[in-house]
Amino acid sequence: MRSGGYLERHSQLQQQRADLLKWRSELLPQLAEVNGNLKRIDTAEAELAPVHSIPDDVLKMIFEESCAHPPPFTSPECAVHLSPLTATHVCRRWRRTAINLPALWTCVRVDQHCELLKLWLERSTCFPLRIWCTPDAFVDIERFKLVFQHASRWKSVVAGPVEIVADISDLMNDVDPAQRVFPILEHVNVQNE
């Protein structure tokens, strides 16, 4: 009797499972459609935001102004300064605008991941660069070589602490002398911290 009750209960549970799986398979396409419609509504609502009525040329001016006066490299605000990368994650329009403004990508932190560093250097096109070197900046020799390929575009360099300058001097021995030319370099600041 006990095994008969077990088989009957097991059969009921299997039927319930089959019914629920069937029901789920019928509901999933409907749920996907509902989610798609909600996403379209969210996008349409976002496009109603006043910021989307700003003309492209004004948006470019806002982005350029935010980049023109970054906080000093030595200040804590520099780490949280609005990065052009942040602007590329707001919406498609901001992304397109930010990517196509080389001036936004000229403040180069050498301690970034190599792929991000390449992205910054690529997007800055031929614009002059402001280079920031921290103690971790040249742990990876590839980063050093990558930045030095653009030495002719260096407009300013902030390095610190003083020990990093010695490291840079040592690494420069491995750089092609033709790349050790800084025709537009105007400012070098070595921090003592």
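The set of residues in the stretch 145-162 being assigned to a helix (DSSP H, G or I) and at pLDDT 80 or above consists of Lys145, Leu146, Val147, Phe148, Ala151, Ser152, Arg153. Here Val90, Val165 are screened, and the one residue that is open to solvent by 30 Å² or more (accessible area, probe 1.4 Å) and either modelled with pLDDT of 85 or more or in contact with a His (Cβ under 8 Å, 6 or more places away or on another chain) (or both) is Val90. Among residues of the stretch 106-126 being among the hydrophobic types (A, V, I, L, M, F, W, C), over 30 Å from Ser53 (Cα atoms) and not in a helix (DSSP H, G or I), the one that is modelled with the lowest pLDDT is Val110. For the stretch 17-50, residues that are more than 27 Å from the chain's Cα centre (by Cα) and open to solvent by 100 Å² or more (accessible area, probe 1.4 Å) total 7. A single member of Ala103, Ala98 is touching a Leu at 6+ places or on another chain (Cβ under 8 Å) and either part of a helix (DSSP H, G or I) or modelled with pLDDT of 90 or more (or both), and it is Ala98.
Residue pairs whose Cβ atoms lie under 8 Å apart, sitting 6 or more positions apart in sequence or on different chains, and linking a residue in the stretch 85-101 that is within 14 Å of Thr43 (Cα to Cα) and of a type in the set (Lys, Arg) to a partner that is open to solvent by less than 40 Å² (accessible area, probe 1.4 Å) and in a helix (DSSP H, G or I), are Arg93/Leu59. Pairs linking a residue in the stretch 172-187 that is farther than 16 Å from Ser156 by Cβ to a residue that is open to solvent by 70 Å² or more (accessible area, probe 1.4 Å) and of a type in the set (A, V, I, L, M), with Cβ atoms under 9 Å and 6 or more positions apart or on different chains, do not occur.
Filtered by the rule that a residue be exposed (fewer than 10 other Cβ atoms within 10 Å of the Cβ) and not in a loop (DSSP other than H, G, I, E, B), the stretch 171-193 gives Pro177, Ala178.
Scanning the stretch 30-69 for residues that are closer than 18 Å to Leu101 by Cβ and of a type in the set (Val, Ile, Thr) yields a total of 4.
Do we have any residue at all in the stretch 127-142 that's of a type outside the set (Val, Ile, Thr), closer than 29 Å to Leu101 by Cα, touching a His at 6+ places or on another chain (Cβ under 8 Å) and modelled with pLDDT of 80 or more? Checked against the condition, which is being of a type outside the set (Val, Ile, Thr), closer than 29 Å to Leu101 by Cα, touching a His at 6+ places or on another chain (Cβ under 8 Å) and modelled with pLDDT of 80 or more, the stretch 127-142 yields at least one hit.
The values are calculated or read from the model by the stated rules, or taken from the named source; none is laboratory data. The structure displayed is predicted, hence computed values, not measured ones. Don't worry about glycine lacking a Cβ; one is built from the backbone with ideal geometry, like all the others, and counts go over all protein chains shown. The protein model used for the area step is the full one, side chains on, heavy atoms only, and it has no ligands, DNA or RNA in it. Shrake-Rupley method; radii C 1.70, N 1.55, O 1.52, S 1.80 Å.
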